[in-house]
Each structure stands twice: as structure tokens, then as C-alpha cells.
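What follows is a single structure, written as C-alpha cells, with notes after it.
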Amino acid sequence: MIASSSIQLIDASDIEEYPIATDQRLESHFYVEMHFRRWLNSRFCMLADPEVGFYGFNLFFVAQDQSPVGTLPIDDRLLAKYLNIDIERWQSLCRREISPLYNWKKVRCSDGEIRWAHPVVTEMAVKALGSKRKNAADKAKARERKRLKDLTQMLERIGAKRLMSNPGFVERLDAWLVQHRPDSNRTEPVVREALDVIGSERV
């Protein structure tokens, strides 16, 4: 594969869309899952010249710090900079039968930019984003469980057990507090205010 020149015309009509939006972030992204057997048995690892293999392997990790995550710019000057080599050396490597950009394909990003993407790197990035979303969802559920537990205890202290027996009442009360008093501590006066609004009884 021949690397792109720094300036070129691109027919983007047949270029596939990259699955990760440009504005999606992976803060504190310092770990990438790497299957060593998959790497060692890949055509790139087995057939690339050692120098090409070294720079190609580094590009996998350069892409983790890009936007969108998992992609590379198509500008040769930037790629050479990322690898700390001069542009002539980079372009010489890219003229080899197996180049550092082996199996990288051009994709269209959500902001319209055309960039390089590699199927394995994309797979790793999508998986990392999925783990991030799952962790965020788990944390949100844990926060909700704690809110409901604390709210239930507050309702018991102020004698609202009859209201609590109504199905879904605690959840509705919690939702009102989240929407209307998101920054307030759930003190007794704040909870009583919510009860006055959505409850059918005063306590």
C-alpha cells in the first residue's frame, strides 16, 4: 500500500463511515487490549521488514490518542512527526511492498474528514468505548440505588410510610428531586416540599 501524499484529491463517494464519532472521548485512555497471538500470526508481523513492523506497530498506539479515537491523519507530514522520523524516510517506508500503513483504509469521519482506519484498531477502540459506556451505566445505577435507599430512609423518618406503599412512589419522588432540585441536599424540608408537590397526603 502506498501512503498518501500530503496534499491529494480524494473521491469520498465510496469511502465507508467510521463508526466512532469525532466528539466521543476516551478520557484516561491508557490501556489497549492486545491479543499477542493474533499479532504474532498476522501477515503484517510475519512479512513486514523489522523497521516497517516497528513503525506500523507504533501507529496502532498513535491512533489511540487521535480524534476520532482509532484513526490517523492522511497527511504524511503528520504521520512522520508522530513517529519522529523525517518525511523522506516515512515515504520510503511506505513504498515497500508491506508498508507501515498495511491494511489501513480511508474512512469518512462524522465531521466529514477523511482519515486512515485499521479494522483491528477500530475493533479495539469500539470495545474500549463499550467498556466506558458500561462503566458509566453501572456507576449511574449505583448512584440511583443509593439515592433511593437514602430517600426511603428519609421518608421513614418523617412518617410517610403510607405514601411509600404506593407502587413507584419513591421512584417518582426521586425523579422530581433529580429534575427540580438537582443541586440541593435532600434535607427534610426539601423532601417535604417534593411531597407537597406530588404526594396525595401531607405528613
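Quick notes on this structure:
- Exactly one residue among V126, V170, V121 is open to solvent by less than 50 Å² (accessible area, probe 1.4 Å), closer than 26 Å to R38 by Cα and either aliphatic (A, V, I, L, M) or touching a Cys at 6+ places or on another chain (Cβ under 7 Å) (or both), and that residue is V121.
- N135 out of contact with any Gly (no Cβ under 6 Å at 6 or more places or on another chain) and at pLDDT below 85: yes
- Long-range neighbours under 8 Å by Cβ, at least six apart or interchain, first residue farther than 19 Å from I114 by Cα and open to solvent by less than 50 Å² (accessible area, probe 1.4 Å) within region 66-90, second charged (D, E, K, R) and in a helix (DSSP H, G or I): I87/D76; I87/R77; W90/D76
- Taking region 185-203 as the range and being outside any helix (DSSP H, G or I) and either at pLDDT 85 or above or in contact with a Phe, Trp or Tyr (Cβ under 6 Å, 6 or more places away or on another chain) (or both) as the test, the residues that pass are N185, R186, T187.
- For region 93-118, filtered to residues that are over 28 Å from the mean Cα position of the chain (by Cα) and open to solvent by 50 Å² or more (accessible area, probe 1.4 Å), the residue that is farthest from D76 (Cα to Cα) is E97.
- Scan of region 117-129 for residues that are free of Cβ contacts under 8 Å to residues at least 60 places away in the same chain and touching a helix residue (DSSP H, G or I) at 6+ places or on another chain (Cβ under 8 Å), ordered by number: H118
The values are calculated or read from the model by the stated rules, or taken from the named source; none is laboratory data. Computed from a prediction, not measured in an experiment: that's the story for all the values here. So basically every Cβ, Gly included, is an ideal-geometry build from the backbone, and we count neighbours across all protein chains shown. We work out accessible area using only protein heavy atoms, side chains counted, and drop any ligands, DNA or RNA first. Shrake-Rupley method; radii C 1.70, N 1.55, O 1.52, S 1.80 Å.
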